[in-house]
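**Q** Got a structure for you, questions after.
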Amino acid sequence: MPYQDILDGIYNEVFQIENTGKVADYIPELAKIDENKYGIALIDKHQNVFSKGDALESFSIQSISKVITTSLIFSKIGNDLWKRVGYEPSGNAFNSLIQLEYEKGIPRNPFINAGALVIADLMLDHFENPKEYFLEFVRELSENPTINYNQKVVQSELENGYRNAALVNFIKSFDNIKHQPEEVLDFYYHQCSVEMSCVDLAKCFQVFANNGIIPKSNSKFLTSSQCKRMNALMQMCGFYDQAGEFTFKVGLPGKSGVGGGVVAIFPNQYTVAVWSPKLNKKGNSFYGLESLERLTTITETSIF
Ligand code: GLU
């Protein structure tokens, strides 16, 4: 497949479209980004890297980090995970509190903020130094030892994250958070603040396209069944309440973040990451979705 030509074509075409999206500004530090950034990277099954635009520039991965923390906990505790968090799409905004009351503090899935906070609580349970472990793991998957947390973004979220503070306290009132809310938020904001490039992200997600095996070390991280389930979660819950539309138009499992990153996988074939900070009304990168819709259409590589 001539991936480089395909990426070049998509990039040039998408750049012509008027971008009606808006940079996330509810985290003030994120609003400082140059909104015209746009990069795309694809890694095929032979580890060849193809890229275009700002694909080597690092950005805040935000919610994309939730896939990594969830998979770490899933690999540690297996199906016990589902006693603490569900696996159904929420149909609500990522930071919604509404469902939690009805469902007695068990978040619908690990990718809405409520669920990610429960996973953060589990990270504190299962790792002696979860921040260090998480960072090392992301570095290993991405084969990039320079990846780091952005303390300014952590601070900005701490100062403005009233909803997340409400969520963690509310869930604790149902006994589904064990640690102190401050500790859980501290880990959660760190995981969200990690900065990676499109190439880093496409490398990182190879494990999900590769049946749970980390390609570089050939070590099995997730069982085949766990990998299947992680991909199913990405398909159903990876794009806030636009997961249906993403499935309809792109047809790959993936995850987005409010930093403008989108990563998607085609099992056994490729991983792809796009970054463009302007978000559509549902909180997904406007150019990200335009790019991936074109990619799966041109290459005829949707999983459906
Ligand atoms: N740190 C962000 C928040 O908690 C993550 C949002 C996202 O990327 O969906 O609001």
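The values are calculated or read from the model by the stated rules, or taken from the named source; none is laboratory data. The shown structure was predicted, so the numbers you read here are calculated from the model rather than taken from an experiment. In this analysis, Cβ positions are derived from the backbone assuming ideal geometry, glycine residues included, and neighbour counts consider all displayed protein chains. The area values use the complete protein model at the heavy-atom level, side chains included, leaving out ligands, DNA and RNA. Shrake-Rupley method; radii C 1.70, N 1.55, O 1.52, S 1.80 Å.
**Q** In region 246-257, how many are open to solvent by 10 Å² or more (accessible area, probe 1.4 Å) and either in a loop (DSSP other than H, G, I, E, B) or in contact (Cβ under 8 Å) with a residue 12 or more places away in the chain (or both)?
**A** 2
**Q** While we're looking at this one, here's another question. Would you be able to tell me the number of residues in region 196-219 that are touching a Phe, Trp or Tyr at 6+ places or on another chain (Cβ under 6 Å) and surrounded by fewer than 24 Cβ atoms within 10 Å (Cβ to Cβ)?
**A** Total satisfying the criteria: 2.
**Q** Right, next: Only one of these is out of contact with any Lys or Arg (no Cβ under 7 Å at 6 or more places or on another chain) and surrounded by fewer than 18 Cβ atoms within 10 Å (Cβ to Cβ): Ser156, Ser225, Ser193. Name it.
**A** Ser225
**Q** How about region 275-304: which of its residues are assigned to a loop (DSSP other than H, G, I, E, B) and either within 16 Å of the ligand (Cβ to nearest atom) or open to solvent by 30 Å² or more (accessible area, probe 1.4 Å) (or both)?
**A** Answer for region 275-304, where residues must be assigned to a loop (DSSP other than H, G, I, E, B) and either within 16 Å of the ligand (Cβ to nearest atom) or open to solvent by 30 Å² or more (accessible area, probe 1.4 Å) (or both): Ser276, Pro277, Asn280, Lys281, Lys282, Gly283, Asn284, Glu300, Ser302, Ile303, Phe304.
**Q** Take the residues in region 164-182 that are part of a helix (DSSP H, G or I) and more than 16 Å from the ligand (Cβ to nearest atom); name whichever of them is least open to solvent (accessible area, probe 1.4 Å).
**A** Here the answer is Lys172.
**Q** Still on this model: When you scan region 228-242, how many residues do you find that are open to solvent by 60 Å² or more (accessible area, probe 1.4 Å) and either among the aliphatic types (A, V, I, L, M) or at pLDDT below 95 (or both)?
**A** Residues meeting the conditions: 2.
**Q** Taking the residues in region 21-61 that are among the β-branched types (Val, Ile, Thr) and open to solvent by less than 40 Å² (accessible area, probe 1.4 Å) as candidates, determine which candidate is modelled with the lowest pLDDT.
**A** It comes out as Ile27.
**Q** Within region 1-54, how many residues are within 16 Å of the ligand (Cβ to nearest atom) and of a type outside the set (Phe, Trp, Tyr)?
**A** Going through region 1-54 one residue at a time, the tally reaches 12.
**Q** Still on this model: How many residues, within region 258-268, are surrounded by 24 or more Cβ atoms within 10 Å (Cβ to Cβ), away from the ligand (no atom under 11 Å from the Cβ) and of a type outside the set (A, V, I, L, M)?
**A** 0
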